[in-house]
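The values are calculated or read from the model by the stated rules, or taken from the named source; none is laboratory data. No experiment lies behind these values; they were computed from the predicted model shown. Cβ sites come from the backbone with ideal geometry, for glycine too, and all protein chains shown count toward neighbours. These area figures cover heavy atoms from the full protein model, side chains too; ligands, DNA and RNA do not enter into them. Shrake-Rupley method; radii C 1.70, N 1.55, O 1.52, S 1.80 Å.
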Amino acid sequence: MDALDRVVKPKTKRAKRFLEKREPKLSENIKNAMLIKGGNANSTVTQVLRDVYALKKPYGILYKKKNITRPFEDQTSLEFFSKKSDCSLFMFGSHNKKRPNNLVIGRMYDYHVLDMIELGIEKFVSLKDIKNSKCPEGTKPMLIFAGDDFDVTEDYRRLKSLLIDFFRGPTVSNIRLAGLEYVLHFTALNGKIYFRSYKLLLKKSGCRTPRIELEEMGPSLDLVLRRTHLASDDLYKLSMKMPKALKPKKKKNISHDTFGTTYGRIHMQKQDISKLQTRKMKGLKKRPAERKAEDEENKSKRIKKN
């Protein structure tokens, strides 16, 4: 049995708190990412990992030592690091003659690799190369995806889901306008993925809504899709399963249309419409001759009954 798999009983209160933090929860913790450098990573790949770590802070762990592993051949070391550091996302950088400037981005489910996608770096501009002010640590980015491939092709659709998971940050209930500070823009065009990072500048516009300008902040990457390792549909569906306690309770007799309008159905007992009191109108009043004829009919019915 692996040392990380056996049941460990805490001996101190600190160890007990540590184990409780890692227990399964209804509302899971913020997903952390580990950035791992391969055994033959060059300066470009190392700088990419550092820049991505700067964007991910404080929800990331950067491994500075080189780790000789191949994610597509053997995933045990990635799963070991995931369990050790409690990270469900990873980015692995390597470089060789066959696949130069290589990045592998992926995610875990139950400390096992769910899916991962290999990307090749064709062009890179670092955070240090663009001389302007940067966003503070821990800022939640806005994510924009452009290109039909993200909605049509299965590999690109899964890549979009993976990038959202990787960069989304913590879930927030309210948004402040001044807190929208930077944008991550992904464009899929002609078999390439263009990754750009912009700082959001709020300028005076003469009205309540400010004028928005985008200033490139870095890093900037031109990527190309290489190998993919995608989870099966059943496993992917299982990983996205929501606990019963978090599912909203279905309200009876309430429906919604495509525009979000709420419709309710009310159940009532059968009404006798003949006894319904309506508004009296002159036009609906009976004439004296009609009233006299109706009285005579009622009298004749009474006589017959007697």
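Number of residues in the range 202-245 that are open to solvent by 70 Å² or more (accessible area, probe 1.4 Å), among the acidic types (D, E) and touching a residue at least 40 places away in the same chain (Cβ under 8 Å): the value is 1. Identification of helices (runs of 4 or more DSSP H) wholly contained in the range 1-97 with 1 or more residues that are crowded, with 18+ Cβ neighbours inside 10 Å and at pLDDT 85 or above yields 43-56, 76-85.
Applying the set (1) of a type outside the set (F, W, Y); (2) under 30 Å from R70 (Cβ atoms); (3) modelled with pLDDT under 85 to K292 leaves exactly one unmet item: (2). Each residue in the range 132-190 was checked for being more than 18 Å from E216 (Cα to Cα) and among the aromatic types (F, W, Y), and 3 pass. If you take the residues of the range 176-193 that are touching a strand residue (DSSP E or B) at 6+ places or on another chain (Cβ under 9 Å) and not hydrophobic (A, V, I, L, M, F, W, C), which of them is surrounded by the fewest Cβ atoms within 10 Å (Cβ to Cβ)? Here the residue is G191. Of all residue pairs spaced 6 or more apart or on separate chains, those with beta-carbon atoms under 9 Å, a first member in the range 149-166 that is under 22 Å from S88 (Cα atoms) and a second member that is β-branched (V, I, T) and part of a helix (DSSP H, G or I) are F166/V52. Scanning the range 179-223 for residues that are among the small types (G, A, S) and at pLDDT below 90 yields G179, G191, S205, G206, G218.
Considering (1) open to solvent by 40 Å² or more (accessible area, probe 1.4 Å); (2) touching a Phe, Trp or Tyr at 6+ places or on another chain (Cβ under 8 Å), the lone condition that K199 does not fulfil carries the number (1).
S94 meets the conditions (1) closer than 26 Å to I164 by Cα; (2) polar (S, T, N, Q); (3) touching a His at 6+ places or on another chain (Cβ under 9 Å) in every case but one. The failed one is (3). All of (1) in a loop (DSSP other than H, G, I, E, B); (2) surrounded by 16 or more Cβ atoms within 10 Å (Cβ to Cβ); (3) within 15 Å of the chain's Cα centre (by Cα) hold for S173 with one exception: (2).
In the set E118, E79, only one residue is without any contact (Cβ under 8 Å) to a residue 40 or more places away in the chain and touching a strand residue (DSSP E or B) at 6+ places or on another chain (Cβ under 8 Å); that residue is E79. For the range 98-142, residues that are among the small types (G, A, S), assigned to a loop (DSSP other than H, G, I, E, B) and open to solvent by less than 50 Å² (accessible area, probe 1.4 Å) total 2.
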